Amino acid sequence: MEKLSTSLEENYKFFQQRLNHCEDVEFRILNPYKKKDNEIIFLYCENMIDELMVFETLFEKIIQNYPKKNEKIDKSILKDVFPTTSIFFLDDVQEIITYLFYGFCIILFPNSNKAGLVCYSQKDFRQVGEPQSEVVIRGPREGFVEVIRTNIALIRSKLPNANLKVRLKKIGTESKTFTAVIYMENKVPLDTLQKVLTRIDKIDIESTHESGSIERRLEEHPFSLFPQIVHTERPDKLVSDVMEGRIAIIVDGSPHALILPSTLKMFLQASEDYYERYWLGAALRVVRVFAFLIALLLPSFYIGVTTFHLEMLPTELALAIATQKEGTPFSAFFEALLMEVFFELLREAGIRLPMPVGSAVSIVGGLVIGDAAIQAGIASPAMVIVVALTGIASFAIPRYSFAIPLRILRFGLMIITSFLGLFGLMIAIIAIFIHITSLSSFGVPYLELSYSSFKEMFYFVRPSHMKNNKKYTEGEFK
Amino acid sequence: MKSLGVIAIILVLLLSSCTNSEEVDKLSLISAVGLEKMPDNEYKIIIQYLMPKKDQEPLPITKEVDGLSIYEANNNLNEFLPRKPYWSHNFVILLSEELAKEGIRSQLDFFRRNPEMRQDTLVAITESPRKILYNLQKQQLSGQTLKLIARQASARKGLGEVSTLHKVYQNLFFKKPFLTITHIFLDGENPRIDGFSIFDKDKYITTIKGDEARGLGFLKLKNKYSSVTMNCLDKENRQITFNLTNIHKKTNAYVNDLGIFEIRLSLEFEAFLAESHCMRNISDTDTIKKLEKALNKKIKELAKKTIEHSQQNVEIDYFGFGNLLYLNHPKKWKEIEGEYETVYKNADIKLKINTKIVQTGAVN
Amino acid sequence: MKIAEINYLQLASIIFIQILGTSLLIIPGTVVEVAGVDGWISQIVGTIMALIVGMMVFYLYNNFPQDNLIIIFEKLFGKIIGNIFGFGFVIYCILSLSTVIKQGCSITGYIFLPETSPLIFFIVFFLIVVYITKVGMNALARTNVLVMLLLITTFLVIIITGVPLLNVPLKPLLSEGLFPVLKGSLSPISWMGQVILITMIFPYLTSGNKKNIKTTILMTLIVVGIDHTLITMFTLGILGLEAKDLLIPVYSVAKLIEIDLIWRRLDVMIMFSWVAGVTLKMSFWYFCTVLALKQLLHLNKYEPIIIPLAFLTFVIAYYSTNNTVELTFYLGKIYPILSLFSYEFTIPLIMCLTLFIRRKRISKDSKEFTP
């Protein structure tokens, strides 16, 4: 059965059967006169709905307005009961069931092939709180939650403007997850928007519960190590990006909103940069570029220098390294590999553990094992410094997703450098940069240097905070 | 299949190319080297390497080895060294006087050809490099100390520039080389620097020490700093010392119509009164004028001494006047190029010295 | 397939890397060898001559903004002669590229890994060049900008830190007369004349103001010329004629410079950026070669010929010269003449003259560039 039939009994039976073992669905039959063909059937999912409201506003009012004994009941009664509330009628069974689980109350009438739907959706979810993955010292403390409606409200409250469009789509053949595409109509480049919309329509998955799973399907290079879509938990960041003509995607059930098209520099900036003093933001951005380079290159650079190019070090340092290396059994490469693996283990262990235990692990790991490794002669102190610095640098990158490729590439670079020295390292760096520059995010180059991008980089003012805000397609990247 | 091929290439690549990597603890860092001539045309090289010890200062250790060439001797080092000699952190090359007499250019070739080698290594002449390096070992000093001594000595004592490998070769490539190389001698147990060796092209001639060497500081083209001590104006047996800075030189060399090589040197200094054993009161301008005059005279005396020595005793131009002539008057230079030695011997060198006393120190 | 768009900065960086990628290390040596202390004057002469080549390149662009060299040949000289010129260009490219590869491999071998078999460098460069060519012009152009920054930084660091070391006066001026200077300028002209290669990528250039393209080409050539002149002056000022004695004088200059960082010696830094430059130069040359061959053979895609042609080129490069002495001789004496009398000066000149004479009668048949 695809459409409702006119017979109430048939409809009732159908739903009974279709919703068999969905024991969270309540069927309520309202038939005050115990008369056939004069009853109304309510369906709702009891956990998704404000049951008290249903009783107070729906049942009671319908009972009050119930027609006389002899009169037939039909769907016009709903109009009398709720002159203002939005009520709509559907006859598609699949859709009705979807709405049922969105938290609608379904009302079936006798002799009607249409069911009335009233929204009573209410879920108990996490309150809006400070985002965990993007902590700022200065800036709004609110972050997205799992409910798309709350998230859209957070955005809308910042931009009460008709140009801000929120387009709802459903993703997932089974889950029918609400997905909102948010953009400023007067700023977004139309071809990019079109690309995003068609690509969203093309997404063919059964279900999604996190924006991460559709992120992979939106990217042009899903197998690249580098993330091509920024995700954020902060409404303020999202709104600023949307104001620059970017498109945001919010998936119901995920507090991480996607922003696209994204470029490499967006991964290196925190929203705080724009709120703090100019000079701090400027300095921090330079620091982050260094952090990026250190996190990627330092261990392999150390290996290259100590095993191939000792001549470039000051003599005192070369001697200090030689003195420390005296008595340690492993080659510089293996030592670095050992310590890096150890560090990754520690980090992985620390992340999954609850807060108090996590810090204990890092203290034990960092201090005790690191020191013990030096004492036992497994690693030289210089190597421990290098690994620690690398770790700290990778934490200094504001976006967690961008630190991941660095962590993986680091090992590859270490292997190449241990065989080919700094020459191999340089070649590998070029290969990496060729890869990065070949990426593009919805037609916008991932990394492209030009005069205006330098200006943007060193002018440190978000275009959306400037008066004459140019679209990124016009000036920022090209 | 394709990716397998790429992986295979990369593996072949990686496995075959680790010949160059050398762990730090498999190297001996050489910090000084001395070259000596053996009777039967063999070289003796004496190296000092630094032996790292865990939790200790690295120990300088001196060893010696023979070989037909320096490179071979370098390889022979491993007859007793457990580690590969590593030359990049070498600071000093000591050449024995005997060896230097044969011309240093060919002897230093090894240090030029090897890309690992630094070109700012100190090159120094000494009577016996062996003795100096063993003395350094005894006192636990590394070659770096020797280079630092040379640098300080040249800066504080006005001995001209430190003769690094690069400077030596730079000089040899001038039209008329005027090489002077730091000379180190043993004073008891301590290596000391108080003069320089002079060369005819790249062949060692002799060493100048003490007062005669002092003039070089003023006359060499680049020098920043020097000091002069002279007798007091009123008391003959007491001394007054000036420190000279901001040396400003003007040199002109040309050959006049009579074929006489004329050199005009004008030197301007700023002098600081560094120490005075007389004349408590030098605040009045007259005294200062007098002092300046005396200072001029003294400097002239010192410079003349060195110049005379070069013209009369060794008959070699180690100030670079010939080169100066070439730079400014290349045609004139071509005329006298063949008989430069005699021309220089009879050259007319005029000095003009102008000193300004700009400070008298914290004491009034 | 969308044509990559190359903006002005990228165009400038391509020209910059394309010339300075190898010349930064080598050019002072080859010039000083011939011209002595007047080497820097040779560089200025070379720059002025190179500007003429730059003007010719722009003249071609001005008339054929949508075509590249191979198509221009055909339009100017007809199908048969045009194709002969085209195949000649491919051969010229392969020969030049093989010298670039040989320089890259022998010099990195000499400095970075002296004990390693040279074959390793050929394999490494082979892999990276094939990879970059497969990825395409877009990524290459963008990476060029990054590497240009690296090269400029290196250059500035050498210049700034080299100032205290300057102690040899650049005198006497023109002591041997003008002839050695002019002879010495051949090598810089042949290097900077390689700007002709951007005729291959005309259709990729951003279709903006033609005047801007002209300014970009000429300004970049001037900047490169200033770089050449300065680096030669510094090499001469620091080393004197000792530079004649050294294989790679600039490298020796970098070795002498001491800075108080962890990176105390600059030589590794200069090599580091040089390897980057030479890799991108190789890739750009190779891209142009492949593109030219693809057009001449009327292929749909150039991907299939990347690997076979790369094998050919690298094998030629591997067997081209036996040692650095031969290489420097070839680079200093033979290559400049070879290149200047073919595609770097003579043929562009013929093209410009033909264009000027038959301006009205250029065949308008629409042969279009397809990437």
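Within segment A:8-29, identify whether any single residue is at pLDDT below 80 and surrounded by fewer than 16 Cβ atoms within 10 Å (Cβ to Cβ), and answer yes or no. There is no residue in segment A:8-29 that is at pLDDT below 80 and surrounded by fewer than 16 Cβ atoms within 10 Å (Cβ to Cβ). Out of the residues in segment C:1-17 that are modelled with pLDDT of 80 or more and open to solvent by 10 Å² or more (accessible area, probe 1.4 Å), which is nearest to C:W191 (Cα to Cα)? It comes out as C:A12.
Among the residues of segment C:127-140, those identified as facing chain A (nearest Cβ under 8 Å) and either buried (at least 23 other Cβ atoms within 10 Å of the Cβ) or among the basic types (K, R) (or both) are C:I132, C:A139, C:L140.
In the set A:L260, A:L310, only one residue is within 9 Å of another protein chain (Cβ to nearest Cβ), open to solvent by less than 40 Å² (accessible area, probe 1.4 Å) and either over 28 Å from the mean Cα position of the chain (by Cα) or within 30 Å of A:R156 (Cα to Cα) (or both); that residue is A:L310.
One line per residue, one yes/no per condition, for (1) modelled with pLDDT of 85 or more; (2) open to solvent by 60 Å² or more (accessible area, probe 1.4 Å); (3) closer than 30 Å to B:R118 by Cβ; (4) in contact with a Lys or Arg (Cβ under 9 Å, 6 or more places away or on another chain):
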| site | (1), (2), (3), (4) |
| --- | --- |
| C:K244 | no, yes, yes, no |
| C:W263 | no, yes, yes, no |
| C:V275 | yes, no, yes, no |
| C:L280 | yes, no, no, no |
| C:C288 | yes, no, no, no |
| C:V315 | yes, yes, no, no |
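Checked against (1) away from chain B (no Cβ under 14 Å); (2) in contact with a strand residue (DSSP E or B) (Cβ under 7 Å, 6 or more places away or on another chain), C:T289 passes all but condition (2). Residues of segment A:318-343 that are in contact with a Ser or Thr (Cβ under 6 Å, 6 or more places away or on another chain) and part of a loop (DSSP other than H, G, I, E, B): A:T328 alone.
Taking B:Y318 as the residue in question, decide whether it is assigned to a loop (DSSP other than H, G, I, E, B), open to solvent by less than 60 Å² (accessible area, probe 1.4 Å) and in contact (Cβ under 8 Å) with a residue 12 or more places away in the chain. So B:Y318 passes the test.
Checked against the criteria, C:I120 does not count as within 30 Å of C:N323 (Cβ to Cβ), within 19 Å of the chain's Cα centre (by Cα), within 11 Å of chain A (Cβ to nearest Cβ) and surrounded by 18 or more Cβ atoms within 10 Å (Cβ to Cβ).
Among the residues making up segment B:1-38, those that are part of a helix (DSSP H, G or I), modelled with pLDDT of 70 or more and either within 9 Å of chain C (Cβ to nearest Cβ) or in contact with a helix residue (DSSP H, G or I) (Cβ under 8 Å, 6 or more places away or on another chain) (or both) are B:V24, B:D25. Here A:Y44 meets each of (1) open to solvent by 60 Å² or more (accessible area, probe 1.4 Å); (2) outside any loop (DSSP other than H, G, I, E, B); (3) of a type in the set (S, T, Y) with one exception, condition (1). In this structure, does C:G54 turn out to be open to solvent by less than 10 Å² (accessible area, probe 1.4 Å) and within 20 Å of A:L449 (Cα to Cα)? So C:G54 fails the test. Can you find a residue that is part of a loop (DSSP other than H, G, I, E, B), crowded, with 21+ Cβ neighbours inside 10 Å and not assigned by the TED database to the domain that holds A:G412 anywhere in segment A:269-283? Checking segment A:269-283: at least one residue is part of a loop (DSSP other than H, G, I, E, B), crowded, with 21+ Cβ neighbours inside 10 Å and not assigned by the TED database to the domain that holds A:G412. Among the residues of segment B:98-145, the ones that are more than 26 Å from C:I111 (Cα to Cα) and of a type in the set (D, E) come to 3 in all.
Residues of segment A:325-372 being over 16 Å from A:G391 (Cβ atoms), in contact (Cβ under 8 Å) with a residue 40 or more places away in the chain and aliphatic (A, V, I, L, M), which ones? The one that is over 16 Å from A:G391 (Cβ atoms), in contact (Cβ under 8 Å) with a residue 40 or more places away in the chain and aliphatic (A, V, I, L, M): A:A332. One residue stands out in segment C:30-48 among those that are under 18 Å from the mean Cα position of the chain (by Cα) and open to solvent by 10 Å² or more (accessible area, probe 1.4 Å): the one that is nearest to C:F287 (Cα to Cα), namely C:T47.
If you go through segment B:156-176 one residue at a time, do you hit one that is in contact with a His (Cβ under 6 Å, 6 or more places away or on another chain) and either part of a loop (DSSP other than H, G, I, E, B) or within 14 Å of chain C (Cβ to nearest Cβ) (or both)? No: zero hits.
For segment A:427-442, which residues satisfy the criterion of being farther than 26 Å from A:A248 by Cα and either of a type in the set (F, W, Y) or modelled with pLDDT under 90 (or both)? A:F433, the sole residue that qualifies. Of the residues making up segment A:235-257, those that are surrounded by 24 or more Cβ atoms within 10 Å (Cβ to Cβ) and within 10 Å of A:F144 (Cβ to Cβ) number 6. For residues that are open to solvent by less than 10 Å² (accessible area, probe 1.4 Å) and out of contact with any strand residue (DSSP E or B) (no Cβ under 7 Å at 6 or more places or on another chain), tally how many sit in segment B:324-340. Selection size over segment B:324-340: 2. Only a single item in (1) touching a strand residue (DSSP E or B) at 6+ places or on another chain (Cβ under 9 Å); (2) open to solvent by 40 Å² or more (accessible area, probe 1.4 Å) is not met by A:A322, and it is number (2).
Note on segment C:347-371: residues that are modelled with pLDDT of 85 or more and open to solvent by 40 Å² or more (accessible area, probe 1.4 Å) total 3. Residue count for segment B:39-81 satisfying the condition of being in a loop (DSSP other than H, G, I, E, B) and in contact with a Gly (Cβ under 8 Å, 6 or more places away or on another chain): 2. Looking at segment A:351-399, which of the residues that are of a type in the set (S, T, Y) and part of a helix (DSSP H, G or I) is farthest from A:P299 (Cα to Cα)? It comes out as A:S359.
Quick grid of which residues meet (1) open to solvent by 50 Å² or more (accessible area, probe 1.4 Å); (2) free of Cβ contacts under 8 Å to residues at least 60 places away in the same chain:
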residue: B:K26; (1), (2): yes, yes
residue: B:S69; (1), (2): no, yes
residue: B:E102; (1), (2): yes, no
residue: B:N114; (1), (2): no, yes
residue: B:A124; (1), (2): no, no
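Of the candidates C:L186, C:L174, the single residue that is open to solvent by 60 Å² or more (accessible area, probe 1.4 Å) and either over 30 Å from B:P330 (Cβ atoms) or of a type in the set (A, V, I, L, M, F, W, C) (or both) is C:L174.
The values are calculated or read from the model by the stated rules, or taken from the named source; none is laboratory data. Please read all numbers here as calculations on a predicted model, not as lab measurements. With ideal geometry, Cβ positions are generated from the backbone for all residues, glycine too; neighbour counts draw on all protein chains shown. All accessible areas refer to the heavy atoms of the entire protein, side chains included, with ligands and DNA or RNA removed. Shrake-Rupley method; radii C 1.70, N 1.55, O 1.52, S 1.80 Å.
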